[in-house]
1. At a 1.4 Å probe radius, which order do 204, 284 fall into by accessible area, largest first?
2. Lysine pairs, Cα distance under 22 Å, 8 or more residues apart or cross-chain: how many in the chain?
3. Looking at the range 52-160, which trypsin sites (Lys or Arg not before Pro) are in a loop (DSSP not H, G, I, E or B) and have at most 11 other Cβ atoms within 10 Å?
4. With the contact rule set at Cα under 8 Å and sequence spacing of 6 or more, what percent relative contact order holds for the chain?
5. Please build a GNM for the chain, connecting alpha carbons under 10 Å apart, and tell me which residue among 220, 206, 118 fluctuates the most.
6. At 20 °C and a viscosity of 1.002 mPa s, what translational diffusion coefficient does Stokes-Einstein give for the chain, taking Rh as the Kirkwood radius over Cα pairs? Give it in µm²/s as a whole number.
7. If a helix is a whole DSSP H run, which ones in the chain reach 15 Å or further along their own axis (Cα) and hold a mean Kyte-Doolittle hydropathy of at least -1.0?
8. Antiparallel DSSP bridges in the chain: what percent, to the nearest 5?
Amino acid sequence: MRRHLPPLNAIKAFEAVARQQSFTAAAVELCVSQSAVSKQVARLEAHLQLRLIERHAKGIRLSKEGEAYLQVLTEALDAIDQASARLSNAPQQLRIDTLPSLSSIWLIPRLKDFQKRHPGIQVELVTGDGPVDFTASEADLAIRCFSDAAAGNHTQLLLTERLHLVASPALLESRPVERLSDLKQFTLLRQTTRPDLWQQFFQHWHENDQGFTYGFASQHFFMTLQSVKEGIGMALLPDFLVAEQLASGELCAPLNLSLDSGYGYYLQIPTHKRQQLQVRQFSHWLQTQLSATDY
């Protein structure tokens, strides 16, 4: 049976524009002029007799039909891409934009397991901690930490953040801690991105926050964790990032106190990437690993 397919160059042009959300960026990707891309998209719309892309003052957006068509095209093109890669033994690329601390402390030590399970996927890590620009980073998915109120609708909660009071055992050898006021003997390390954490902590545990000594502040949790290991002071750190150090005795948890921070770790995936096999495999593996973490 003869297939009545739209022009393949037109499909490629539409998919690039929809993915990049830009005619200019699509033209650069396809190594053609912007005019050529526009003509190919118009050709596809004429073939389908549908408006796929709508132009407005701030740029472009997909129509309802364009969104549905993009999802089908993405799945089809991914299937072709994956079949071709299997035939040529070429690895599938997966670019992950993730938080520096989560990457260095938690994710990288576990990536060996992911690659053992999925040897055909080649992982590339980039780090960031602000809003994700998927066009600039070319990432397939991202992991970010948001307050519950700021997470938005297009995110998937991986886990809520619970902060533990942690210290180096050596720090406590000569100065035992039996009550919260005993923390006045120590330096309390701060986070520049969360300047009110200690005040939240003391308020939660009904302790006046006056008379405590605050040390230097770090931007990222991995910096604070290293400072705690060096015995510089105590800190509030996410449970899943310090679970192994607490279990091994490298760190201890004075008074076994913690705080629900009101933040969570979220997975973000562009709409047109959600059905890609390597994205789905990594997302499933990530959630499995996080649920299996003992903390």
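1. Numbers: 204 95, 284 130 Å².
Reading off the accessible areas and sorting them downward yields 284, 204.
2. On the way: 12/39; 12/64; 12/273; 39/58; 39/64; 64/273; 184/229.
Within the chain, the lysine pair count is 7.
3. Values: sites: 55, 58, 61, 64, 86, 95, 110, 112, 116, 117, 144; in loops: 58.
Passing sites in the range 52-160 are 58.
4. Working: 417 pairs, mean separation 61.8, N = 295.
It comes to 21 percent, rounded to a whole number.
5. Checking each option, the largest mean-square fluctuation is seen for 206.
6. Working: Rh = 22.2 Å.
It diffuses with D of about 96 µm²/s by this estimate.
7. On the way: long enough: 8-20 (18 Å, 0.28); 34-48 (21 Å, -0.15); 64-88 (36 Å, -0.16); 277-292 (23 Å, -0.29).
Taking the DSSP H segments of the chain (at least 15 Å long, mean hydropathy at least -1.0), we get 8-20, 34-48, 64-88, 277-292.
8. Working: 22 of 36 bridges.
Close to 60 percent.
The values are calculated or read from the model by the stated rules, or taken from the named source; none is laboratory data. Fair warning: this is a prediction, and the values are worked out from it, not measured in the lab. When we count neighbours, we look across all protein chains shown, and the Cβ atoms used for this are built from the backbone with ideal geometry, even at glycine. The protein model used for the area step is the full one, side chains on, heavy atoms only, and it has no ligands, DNA or RNA in it. Shrake-Rupley method; radii C 1.70, N 1.55, O 1.52, S 1.80 Å.
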